1. Just counting partner chain Cβ atoms within 10 Å, what average do the residues of peptide A:25-33 show around their Cβ?
2. How well do other chains shield peptide A:174-182, expressed as the mean number of their Cβ atoms within 10 Å of each residue Cβ?
3. Full-extension gain between residue B:190 and residue B:228, please, as 0.36 nm times their residue separation minus the C-alpha to C-alpha distance.
4. If packing is taken as the average count of other Cβ atoms within 10 Å, what order do B:216-223, B:199-206, A:57-64 fall into, highest mean first?
5. What distance in nm separates the two pseudo spin-label positions at residue B:206 and residue B:148, each 7 Å out from Cα along the beta-carbon direction?
6. Per-residue counts of other Cβ atoms within 10 Å, averaged by peptide: what ranking do you get for B:50-56, B:16-22, B:147-153, highest first?
7. By counting other Cβ atoms within 10 Å of each Cβ, how are A:36, A:130, B:171, A:180 ranked from fewest to most?
8. Please compute the average number of Cβ atoms from other chains found within 10 Å of each residue's Cβ in peptide A:141-153.
């Protein structure tokens, strides 16, 4: 679905149009569910967070302004924050498992199809360009953190690297991204 | 200087928050700071917005049908009509800066006040002010009816330390034929609060944007800015 169609559906949802909200859910939920699943690594928790996230989207849709951000960006922020909050709650529970298997980042191959790049907005293309300028280890840490919600400690364990090294990779990677994005 | 007022530190914290590496108690602490300091919220929102296109790379996965059924049940969508909600909120959506809107979505208490006062006068006005020359410089101006004051929330170093010049606040009316309003000056080291009276509060409804320029300290007051414009930002009703 075209980004402007999602914007329109979100605007109509903000005006109380339940049908538009259902179409919005149908169009956006598969991508947002994928975000929740990767962050939480638990199907049932991901479903809960997706549900809570869309309820929040409905309640706050009237505040969406298409001139400031795309609907997908706006909804991603809401749902991802919801998932990170849940992740924080789960990790704080004593029974939570430390031995979680993380998948590879193959899906985030750094060679997107030219057509896909063309469809992205200017901001997305800029982010892509900036990520390409990072060292591979910096890029991997940043993408692992974004997609899997891994902390510095978890990244160090996953990558079998000293904690200080991982912290330095992320810090320098973010500094470089900051300069590039500005 | 407090750590979160140092742009080098708070911008890194904002990026870490947006990325997700800031977790546990540190994440909670940063969320509390964001509620207190709107510039932190705005910078964080900006980075969340910048990182969000990464989601496009994920292969989509259709959620089970029961998720929509739960949402529909929870929101009682089958009882909803497509009648537009309050015109007040509908007009607000095109007016608020996105990041301010995102802030509102998180500040549930503020949202509750908004929803309860849907047809009444705004409780406050807010402007996210940016530097026309330096993209990373920003501050937030809030006009509060409860406190009857204008307050400015900014990271340290946001205002230049320019001898002989003073940061001066201006209100730009919506009506271009109306003169600018010179509101006063900001002194270094003060708490950046300015009391207002009921007339100024009423005038806010007719203000399009806030601006801060650097004006000569010992020169006669000019009715228009004469020095460099440091910050501007559109005013939005809350």
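1. That average works out to 5.
2. 4
3. Full extension from residue B:190 to residue B:228 adds 11.5 nm.
4. Peptide ranking by packing, descending: A:57-64, B:199-206, B:216-223.
5. So the label points at residue B:206 and residue B:148 sit 2.1 nm apart.
6. B:16-22, B:50-56, B:147-153
7. A:180, A:130, B:171, A:36
8. So the per-residue partner count for this stretch is 4.
Read-outs: derived from the displayed coordinates by stated rules, not from any lab. Worth saying up front: this structure is predicted, and the values here are computed from it rather than measured. Using ideal geometry, Cβ is built from the backbone for each residue, glycine included, and neighbour counts are taken over all protein chains shown.
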